[in-house]
Structures are given as C-alpha cells and as structure tokens.
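K.L.:
One structure, as structure tokens, below. Some questions next.
Only the coordinates and a few stated rules stand behind these numbers; no lab work does. Only a predicted model underlies this, so the values are computations on that prediction, with no experimental measurement involved. Neighbour counts are summed over all protein chains in view; Cβ atoms, including those assigned to glycine, are modelled from backbone coordinates with ideal geometry.
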Amino acid sequence: MTMPDQREATEARLWPDPVDGEFLAGLRGVVAAHVAPDADRVDREDVYPVAAIKALAQAGYTSLTLPVEYGGQDAGFARCAAVFEEASYASAAVGISLITILQAQTIVRMFGSDSLRAAVLPQFREGLITSFALTEANHGSDIRSLDTKAARHGDQWVLTGRKSFITSGSAAEAYVILAETERGVSSFFVRRDMAGVSTEKGPNAATFGLRNGPHVDLVLQGVAIPLDHLIGMEGKGVRQAVTTLDFSRTVAAAISIGIARAAFDGALRFARDRIAFDRSVFELQGIQWYFAEMLTDIDAARLLTYQAAHALDRHDQIARFSSEAKLMASRVATETASRAVQICGAYGVMESAPFGRYLRDAKAYEIAGGSSEILKNTIAKRLRDLHPA
Ligand SMILES: Cc1cc2nc3c(=O)[nH]c(=O)nc-3n(C[C@H](O)[C@H](O)[C@H](O)COP(=O)(O)OP(=O)(O)OC[C@H]3O[C@@H](n4cnc5c(N)ncnc54)[C@H](O)[C@@H]3O)c2cc1C
C-alpha cells in the first residue's frame, strides 16, 4: 500500500518544478497554511477570501512583478504564474481574487502617471484588494462603446454609470474602470471610499464557479476624482485594457492548470485506493488510458503556460501566447475535471468531494477573462498580422 509521504513524493515527481524549488517550497507552505484549509467554505458560502489574500500579500506574492521601488520584487512572470498555479491548486477562488489585483496593478504600472503610480503601487505590498471593471449589462466581449460616462469638470473627472459582473467587487478597496469620454473609452482608478461609489448585489451576482463572493454591480453616481486618476491618455482605455488582459490571460491559464492538477491528483488517489473486480481501479487499462491522456494534456498546457510567462518577460508575441495558453489550459481543466468525476464514480459526484468545485471553476474560466471564442479571434488576428494577405 502507498503511504501518504510516498504519495506526496510521487505527486511532486509528476509535476516538474516550473521555477526554483526554494521559491516553490515557501509558496506551498503559505498556500497550505492560509489557502487550502478554507477553500471549500469560500466556495460553499461564496465569500471573498480576505484572510488568504492578506496572507499572500504579506508574504510578497501579490506584488512580485512590481518594481522594487514600489515595494515589489521585479520578479519574472514564471514565478508569478507559479503563485497562481499553486494557489489555485488549493482554491481557484483565491486564484481569481489574485488576478483582479494583478490586473489593476498592471494597468497602473504600465500606463499610470508618476503621481498615480507613486500613490497606488506601494499599497499592493500592504495588501490592497482591487477589481477590474470592464463589463456592463449591455457590453461584455465588445467594450468599444460604453454606457458609463466620464466628463472633465475643471480639475476633476466626474464618472456616472454602472459596471456589472465585477469579480472581487464585494471586497475591493479600489477599482479600475472603463468609461466613455469625449475622445473614446478611457480607464480610471476609483477608490471605494470616494463619494458616489457603491456596490449592489444584483440578481446575477452568484455564479456556479469561481465563487469568491458575489459578482457585484459597481454603481458610480457623479463620482469626482482627481485628474491623475485617468490612467494614461484619454481615449486609449480599450487598448490599455486589452494589453492588461494579454498579461493576465497567462496567469489565468496558470489558474486552470492548478485546477486540472488538483482534479488529476484527486482522481489518481481515488483510483489507487478503490478496489473493483479484485484490483485497484487504477489497474484497469481503460482507466489508465484516461490518466495517460489527462497527463499528456496537462503537461502540454503547462508547457504552453510557462512559455507564455517567459514571453511576457521578453515582450514577445504576448497576445498570441497568452491567448493560446488560456484557450488550451481552460479547456484541459474542464476536460480533466469532468474525467476525474467519471473515474471516481459516485464519490466524484458527491458534494463532500471537491470534484464538483473543480468542474464548476474550470468551466467558468472558459468564459471569464476572455471567452474561448474571443481568444481564438485574437490568435487568428496575430496569425493574419504575421501572414498578411
Ligand atoms: C466568473 C466570471 C467572472 C467575471 N469577472 C469579470 C470582472 O471582474 N470584470 C469584468 O469586467 N467582467 C467580468 N466578467 C464578465 C466577462 O468578462 C464577460 O462575461 C465576457 O467578456 C463575455 O461577455 P458576455 O458574457 O457579455 O458575452 P457576450 O459578449 O454577450 O457573448 C456571448 C457569446 O458570444 C461569443 N462571442 C461574442 N463576440 C464574439 C465574436 N466576435 N466572435 C465569436 N464569438 C463571440 C462569446 O464568446 C459568448 O460565447 C466575468 C464573467 C464571469 C463568467
């Protein structure tokens, strides 16, 4: 019989370290202490995992890619992806809580004025929780025109409108939002405690997967913000948001890899222990083929994800590789989670088992953060750019 410590060693050998072992050991310790124990409750009760996020922030994992001068570590994106993968192995809800932080941080880091960067970026090291609010009731994949408006009045911008379906919105202390101005769509940094900002839990706030608290509506009623809270140039918001999504799609892929690995390991443990027809389920060749296919798919998606992470560091075909990675990893996660349920039989379907959570989280990530169809459009557009007609 396989002992638990032997099992852990087997699982470690199954998944080669994508970054240095010392970094991973520290990370896994924090995840085991602060993320894993609460994962089922966060999903069941649909609450924001505040304690887990604050613990990860305190250990420096929410500000890894920021420059040192802003409290970051100037780390490469492979380490960043490893944080998302390991956290999501335990809880994809924590993964998407981390991603809305990375998105707000990335757009301010890349496009914000010096004064906005100096005011905002060091706060991430202290655990600032943020949301990235693009979607509106009438605008999802297409954000080129918006119903939320911003107008300049003297030395302020005044924002009015409603953003929908905002991940982490229930706990966010600040939001990056897109609004339409005279010169097109622009992006703004808005703090929760500014006058006129509120959140509402609409009828569509609860999702069946990626449950990190209600996906609230953000309501802006004549919110006056300083001029430097316009992020970068007026009218460039869509370009900035798309660039930011190109960055975050790679770590979104890492979230899906975390889900897929968790489903695979859970199914493998079950198949080794479960006896049917006088042998373990794992000894049945039909079941072994399932595992062989799953392992191949996860390995391939994982390689693509870390290739995309290195492409981020090199600024090389970012949109292409991040879209490919998310497209493939999200599909592999859904297929793996579904297969894991099948392998585990009735146990796979039980609410007390984690496989339903894996399946729900995996499927939701084929839509959130750029649907698979939109990703294919992006990849095809890059292909057309490389090979113009
Ligand atoms: C769990 C979850 C969390 C989310 N969190 C956030 C958040 O934090 N912030 C935020 O701003 N938004 C968030 N969203 C919203 C998300 O970004 C949108 O759902 C997504 O952009 C798709 O928009 P839509 O739902 O309006 O679908 P639509 O745009 O209405 O599309 C409907 C269908 O048509 C397809 N489609 C649309 N355009 C094309 C095209 N050109 N070619 C081919 N197919 C196309 C889509 O892929 C989809 O299958 C979240 C969504 C989910 C599910």
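K.L.:
Given DSSP loops and a limit of at most 15 other Cβ atoms within 10 Å, what is the longest stretch of the chain that contains no such chymotrypsin sites (Phe, Trp or Tyr not before Pro)?
P.N.:
Working: sites that count: 208, 277.
Within the chain, the longest run free of exposed chymotrypsin sites (Phe, Trp or Tyr not before Pro) spans 1-207.
K.L.:
If you don't mind, another one. The range 260-389: D in µm²/s via Stokes-Einstein (Kirkwood Rh, Cα pairs, 25 °C, 0.890 mPa s)? Before the final figure, lay out the partial values.
P.N.:
Values: Rh = 16.1 Å.
In µm²/s, the coefficient rounds to 153.
K.L.:
Which residues' amide hydrogens lie under 5 Å from the amide hydrogen of residue 350, considering only partners 5 or more residues apart or on another chain, with H built in the peptide plane?
P.N.:
Long-range HN contacts for residue 350: none found.
K.L.:
Taking the Cα centre of the range 133-229 as the origin, how large is its charge dipole in debye, to the nearest 20, when only Lys and Arg (+1) and Asp and Glu (-1) carry charge on their Cβ atoms?
P.N.:
Working: 10 positive and 11 negative charges, 31 e Å.
Around 160 debye, computed over the range 133-229.
K.L.:
Over the Cα atoms of the chain, what radius of gyration and what Dmax do you get, in Å?
P.N.:
21.2, 80
K.L.:
Test of understanding: what is the full-extension gain from residue 303 to residue 45, defined as 0.36 nm times their sequence separation minus their Cα-Cα distance?
P.N.:
Gain on extension, residue 303 to residue 45, equals 89.5 nm.
K.L.:
Okay, moving on. Please identify the GluC sites (Glu not before Pro) of the range 247-354 that satisfy two criteria: DSSP loop assignment and at most 10 other Cβ atoms within 10 Å. Which are they?
P.N.:
Details: sites: 283, 293, 324, 335, 351; in loops: 351.
Those satisfying the criteria are 351.
K.L.:
So what are the range 4-125's ellipsoid semi-axes, whole angstrom, largest first, if each one is the square root of 5 times an eigenvalue of the alpha-carbon gyration tensor?
P.N.:
Details: eigenvalues 150, 64, 23 Å².
Computed over the range 4-125, the values are 27, 18, 11 Å.
K.L.:
Taking R0 as 22 Å, what FRET efficiency do you get between residue 272 and residue 351 from their Cβ-Cβ distance, rounded to the nearest 0.05?
P.N.:
Details: r = 23 Å, r/R0 = 1.05.
About 0.45, to the nearest 0.05.
K.L.:
Enumerate the amide H contacts of residue 66 below 5 Å, restricted to partners 5 or more residues apart or on another chain; note that Pro and chain-start residues carry no placed amide H.
P.N.:
For residue 66, the qualifying residues are 73, 74, 75.
K.L.:
Now a separate question. For residue 141 and residue 283, what does the FRET efficiency come to when R0 = 35 Å and r is the distance between their Cβ atoms, rounded to the nearest 0.05?
P.N.:
Numbers: r = 46 Å, r/R0 = 1.32.
Plugging the Cβ-Cβ distance into 1/(1 + (r/R0)^6) gives 0.15.
K.L.:
Which shape class, rounded, prolate or oblate, goes with the range 130-235 when its Cα gyration tensor gives a ≥ b ≥ c as root eigenvalues, a/c under 1.5 marks rounded, and past that a/b bigger than b/c marks prolate? Let's see the in-between values first.
P.N.:
Working: a/c = 2.11, a/b = 1.55, b/c = 1.36.
Prolate, since a/c reaches 1.5 and a/b exceeds b/c.
K.L.:
Further question: When all alpha-carbon pairs of the range 240-325 are counted, what percent fall beyond 21 Å? Kindly include the intermediate steps, with their values, before the conclusion.
P.N.:
Details: 1622 of 3655 pairs.
Counting every Cα pair in the range 240-325, those more than 21 Å apart make up 44 percent.
K.L.:
Something else: Compute the label zone of residue 313 within the range 74-110: residues whose backbone N is under 18 Å from the point 7 Å along Cα-to-Cβ.
P.N.:
Only 74-86 pass the distance filter.
K.L.:
Scan the range 44-135 for GluC sites (Glu not before Pro) in coil per DSSP, keeping those whose Cβ has at most 12 other Cβ atoms within 10 Å, and list them by number. Intermediate values should be presented prior to the final figure.
P.N.:
Numbers: sites: 45, 69, 85, 86, 126; in loops: 126.
Taking the range 44-135 and a limit of 12 other Cβ atoms within 10 Å, the loop GluC sites (Glu not before Pro) found are 126.
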